[in-house]
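Accompanying notes for the structure given below.
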2 protein chains.
Amino acid sequence: MMGAPRDDQACRNLRWSVALLDGLVAGGMRHLVLSPGSRSTPVVLAGQRQPALQLTPILDERSAAFFALGLARATRQPVGLLCTSGSAPAHWFPAVIEAAEWGLPLILLTADRPPELRAWGANQTVDQIHLFGRFVREFHDPGPPRDEARAMKTMTALGARAASVSRGRRAGPVHINLPFPEPLVPDTDCDPPASGDLRPLPHARPGAPAPTDDPWSVAPAAIDFHQLSGPGLICCGPGEYTDDDIAALWSCATNLGLPVLVDPLSGLRFGPAPEVRVTRYDSFLRNPLAAAALRPAWVVRLGRPPVSRVLNEWLTGVPSLLVDPAERWCDPTHDAVQQITATPAVFLGWLQRTDRVTAAPGWLDDWLAADQRLTALAEQHLAESPWCEPHLIQTLIARLPAGDALFCANSLPIRQLDTWSGARARALAIHGNRGVSGIDGQVSTLAGLTRGGLATWGLLGDLAFCHDLSGLLLAHTLDRPCLVLNNGGGRIFDYLPQRHVPGVETLWRTPLSLDLGELVRPFGVPHRIVTDGATLDRALDQVIDRGGARVIEIRIDATSSQRVHEGFWQRVARQDII
Amino acid sequence: MMGAPRDDQACRNLRWSVALLDGLVAGGMRHLVLSPGSRSTPVVLAGQRQPALQLTPILDERSAAFFALGLARATRQPVGLLCTSGSAPAHWFPAVIEAAEWGLPLILLTADRPPELRAWGANQTVDQIHLFGRFVREFHDPGPPRDEARAMKTMTALGARAASVSRGRRAGPVHINLPFPEPLVPDTDCDPPASGDLRPLPHARPGAPAPTDDPWSVAPAAIDFHQLSGPGLICCGPGEYTDDDIAALWSCATNLGLPVLVDPLSGLRFGPAPEVRVTRYDSFLRNPLAAAALRPAWVVRLGRPPVSRVLNEWLTGVPSLLVDPAERWCDPTHDAVQQITATPAVFLGWLQRTDRVTAAPGWLDDWLAADQRLTALAEQHLAESPWCEPHLIQTLIARLPAGDALFCANSLPIRQLDTWSGARARALAIHGNRGVSGIDGQVSTLAGLTRGGLATWGLLGDLAFCHDLSGLLLAHTLDRPCLVLNNGGGRIFDYLPQRHVPGVETLWRTPLSLDLGELVRPFGVPHRIVTDGATLDRALDQVIDRGGARVIEIRIDATSSQRVHEGFWQRVARQDII
């Protein structure tokens, strides 16, 4: 091939891949999730020689990518993906988009044909240059493998750099396209590369600064203090908060008398907190008097926009300070008077120290009173209502062990969790793919979270579960139940204007006539059905503290559930909240 | 919303969508394949009002896209895809790439949030501008709906233009991104648009020139005749050939004494043909004497590069004329002395009329003799060998009715079909996703072909079948059996150098421990197992001429099959072929 002896090119491919993986491992990568293929062989061979790396083969690239996403979410370390050339990497695209929007470190390694075959109709060859467009933080194509010491050193540096960028200030996916000429498998043992050339660059060693411990500081002069007069709020949207962030949050809020509205995907609802935490806003802001009385003069926003549409609409028009070290401009209502490039810990520490913000008397108390009244009202309403999702959520929040995690799907489940979870003092990690809130890849992500060491429960609707059927190939690796809310299709449309359109059943709700028990049987996962509180309790008795993969199908009467929800909101609207 | 009365925007969205669909329908689109979602509602509402359009809801966007691909392949008409915003359209990407490389008319309609929400962290909102990069022929974002007559007229023109481009000379996908502000569902009846404004542009009316009937002519002066001296060949690679192309092909080859090597995916192996057709080249070119004796001085190449690796390597270095109206430069070995922008019909018609090419005595006879000898040798070898894929292929070619079609997956199945099919005089349409030869979307594509009116059998490996699990949701719509070659994973690696690598089983072959019968049961498709010629015949007796969806699992002993294949090639290498 190309005039070179056969073994030379195969060995060159292998050494090149070894050098790259050395850099990635030095940068903290410990997992390589690969889908079978031929062109990617040199990287697999290199992976087999790298003891620090776990290789996980997953047939469907789409499932592999969501698995890697869950793994990155759980471990906060770069996770590698590898596949062959052609349409294979295109299956990663949905998970790449989610990782880009949420900010998760994926290392996308695409095998490619060498440049002389691109654009000439060669088999399984497409233009993979910039394949993922603007959804990756960096793209590299180092060209076909070469043996020069400098080129080899570049590969190790590139690996270390990719790992570093992927978990840097603007964390997200990095794509490295790897063209390999044939042959791909060496006939003989290959010489190792000169080892002195393979040291990663110092700046990318493991332990390099992550965004969370960066000392970015905010200059008080940059803040417009006119915006911070009158009563204020802190709104914690979906995101990842460090221990430092959380300590600064509770301290600042307590000292300045600021209510803290915590989204379920902030992870701040569950765990110890001082008397500043508010979780029932999605309900009580439906009460017109409460909504008017509690309106703030300003809000500090952390993380992405909250799940609650009620909250988002109610906050529209309130001047807000966006605090985001990654400078993502999460402000769909365009109310930010400023975006501040700082971690919550740094900004809130500064806010607390400044004397320009003072607590408004009674303000925090009004919020806490509303929250408590709603907790009581929810209890009472559910006690009088037929069993459905809210009761399930109550039970889960009451019973899930402190070390466990819950992965919640988008659409109805996350909204219902938002409405009904309340708070608790024991920890419970909550995760969700809320970067772009897709229906996709839920079972695979759950398996990735589990593989990343989090004992994670799933809470999915029936459509989300069936959107990721190839994720079922990973279901036996779960360590906690996956709860599937089977309510007959996309029931979110029962709450949207589409519900009155003829054809809503076939064109929007799209229920599937599948027996979930039959569906999961070939994948070796036990299945059981829950229909009410008693069967749920029995199911939980069996599994809590024990672990293991299983699918618990929660049969929900969607009409009755809708009545419970709309009845509650009517009740809230009528009741005195503050 | 935005100061406009509520109904105005919903009606504007609807009228905008009606105008667009009117143009697409005028351009020949008859199917809209949609995945459920909220933001795409205006287009669904418009689709419900368009009697010429069939709406097919499919949950998983990836499966929907491959279904649309199959439908476009079967009908040769533009097929629409519709989904909501966010990661949803990213699931189309693999099928979009296949459609781009093969040249199939997909109309990609992505709903989007309005521009004021993009890049501000709004839910389910990503940068959808140029989402598919260079894999679409055109991209348009007409902006949020407006009511001005000129803007509405543009939408109809845009629909007609998109349909026209998608099946034009460089047929392929066209992407139209559609931002819709809320509300999405009108509360009241909407005024229709002024009907005079909705007429599509004349150039894009149905019946506009398709590439197949274009009168592009080729100037003889442009051909370098030195290249056409000595014995020549015509090589018909994968592609779609019109009746005119085929008539010109057989006529030209007969008159000039040119052997015609026909790839299985050319569709030219099955059906009447004069004595110029050669199908066994993948076998007899493994015989060194035959390979040397039959080497041509030049080759005319039509379609994409052939499936046979033996043929491709053997043709390397032979000066070739690429004939391709779409100017795709399908020439991975870089042996083209010229690419000619003409249909095969036009070019071959001209070649036949010119007096510059003369038949070489005995040349065609040598080829036909080799082909016949190989047919006899294959018969003999298979009669002496244990039953496996070649026998299955023999039986299928002998028994499939003339009106039926066969959809063959990549990797081993298409190579085995290539080696063993031979030719037959009765028609049999063959299809395969060979644009990028992915493992993906096979069941969904099969369902799309079926929906497009072709009574199509599937021939898939076990991994390809399981890569497209959500395609099983469409399996009950099949009208012919899907044959699954269950040989324990990716057995193509048994024929590649990876077979000697430790870990080949878990990292390359990746067999799944799934019971296919259990797997398909929840999807309501009958399943049966075939293990030899007798059980195959009984299974075919039951289904031929009867139709209906079913999965026939063909259990193959991969080791024995490999022995049959390698034994055959050794036999061929030793035998006198010419």
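Each value in this text was obtained by applying a stated rule to the coordinates, not by laboratory testing. Note that this is a predicted model, so its numbers are computed, not measured. Cβ: placed from backbone, ideal geometry, glycine included. Neighbour counts: every protein chain shown.
Numbers at a glance
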{"quantity": "Extreme residue, positive dipole direction of region B:77-172, given options B:108, B:132, B:166 (C-beta unit charges)", "calculated": "B:166"}
{"quantity": "Cα centroid separation, region A:234-286 to region B:44-64 (Å)", "calculated": "43 Å"}
{"quantity": "Across the identical copies, how the residue A:170 labels are spaced - nm, sorted shortest first, 7 Å along Cα→Cβ", "calculated": "3.0"}
{"quantity": "Residues A:500, B:175 arranged by fewest to most Cβ contacts within 10 Å", "calculated": "A:500, B:175"}
{"quantity": "Loop-located GluC sites (Glu not before Pro) in region B:112-200 whose Cβ has at most 13 other Cβ within 10 Å (DSSP)", "calculated": "B:148"}
{"quantity": "Residue A:427 versus residue B:532: modelled label distance in nm, points set 7 Å from Cα along the beta carbon direction", "calculated": "6.3 nm"}
{"quantity": "For chain A, size of Cβ-based charge dipole, Lys and Arg +1, Asp and Glu -1, in debye", "calculated": "220 debye"}
{"quantity": "Inter-chain shielding of B:471-478 (mean C-beta neighbours from other protein chains, 10 Å cut-off)", "calculated": "1"}
{"quantity": "Spatial extent of region A:423-578: Rg and Dmax, with the Cα atoms as the point set, Å", "calculated": "17.1, 54"}
{"quantity": "Net charge dipole size for the protein assembly as shown [Lys, Arg +1 and Asp, Glu -1 on Cβ; Debye, nearest 20]", "calculated": "160 debye"}
{"quantity": "Of the DSSP H helices in chain A, those whose Cα atoms cover at least 18 Å axially and whose Kyte score averages -1.0 or more", "calculated": "A:6-26, A:61-75, A:149-166, A:243-256, A:363-383, A:558-574"}
{"quantity": "Gyration tensor (alpha-carbon) shape descriptor, region B:98-196, a/c threshold 1.5", "calculated": "oblate"}
{"quantity": "Rounded if a/c under 1.5, otherwise prolate or oblate - region A:392-503, Cα gyration tensor axes", "calculated": "oblate"}
{"quantity": "Pairwise centroid distance, computed over Cα atoms, of region A:417-459 with region B:99-124, Å", "calculated": "27 Å"}
{"quantity": "Sorted by Cβ density within 10 Å, fewest first, the residues B:495, A:241, A:281", "calculated": "B:495, A:241, A:281"}
{"quantity": "Theoretical FRET efficiency, 1/(1+(r/R0)^6), r = Cβ-Cβ of residue A:455 and residue B:48, R0 56 Å, to 0.05", "calculated": "0.75"}
{"quantity": "Furthest towards positive pole of dipole, B:85, B:96, B:51, structure part region B:38-152, Cβ charges", "calculated": "B:51"}
{"quantity": "Point-charge dipole on Cβ atoms (K/R +1, D/E -1) for region A:46-187, about Cα centre, debye to 20", "calculated": "700 debye"}
{"quantity": "Cβ-vector label at 7 Å, residue A:534, separations to other copies in nm", "calculated": "5.6"}
{"quantity": "Neighbour-count order for B:176, B:578, B:439, fewest beta carbons within 10 angstrom listed first", "calculated": "B:578, B:176, B:439"}
{"quantity": "Percent RCO, i.e. relative contact order, over region A:342-448, from Cα pairs under 8 Å lying at least 6 residues apart", "calculated": "23 percent"}
{"quantity": "Computed [θ] at 222 nm, deg cm²/dmol, chain B (DSSP H ≥ 4; -39,500 (n - 2.57); rounded to nearest 500)", "calculated": "-10500 deg cm²/dmol"}
{"quantity": "Sorted largest first, extent of chain B alpha carbons per principal axis (Å)", "calculated": "85, 63, 45"}
{"quantity": "Two-site FRET efficiency, residue B:384 against residue B:515, from Cβ-Cβ distance with R₀ of 56 Å, rounded to 0.05", "calculated": "0.95"}
{"quantity": "Inter-chain shielding of B:142-150 (mean C-beta neighbours from other protein chains, 10 Å cut-off)", "calculated": "0"}
{"quantity": "Mean-position separation - Cα centroids, region B:548-563 and region A:506-578, in angstrom", "calculated": "40 Å"}
{"quantity": "Exam field: residue B:134 pseudo-label spacings to other copies (7 Å along Cα-Cβ), nanometres", "calculated": "2.0"}
{"quantity": "Options B:367, B:255, B:482, ranked by Cα towards positive dipole end of the protein assembly as shown, top entry (Cβ charges)", "calculated": "B:255"}
{"quantity": "Shape call, the protein assembly as shown: gyration tensor on alpha carbons, a/c limit 1.5", "calculated": "prolate"}
{"quantity": "Within 10 Å of each Cβ in A:60-72, the average number of Cβ atoms from other chains", "calculated": "2"}
{"quantity": "Residue A:242 versus residue B:147: modelled label distance in nm, points set 7 Å from Cα along the beta carbon direction", "calculated": "5.4 nm"}
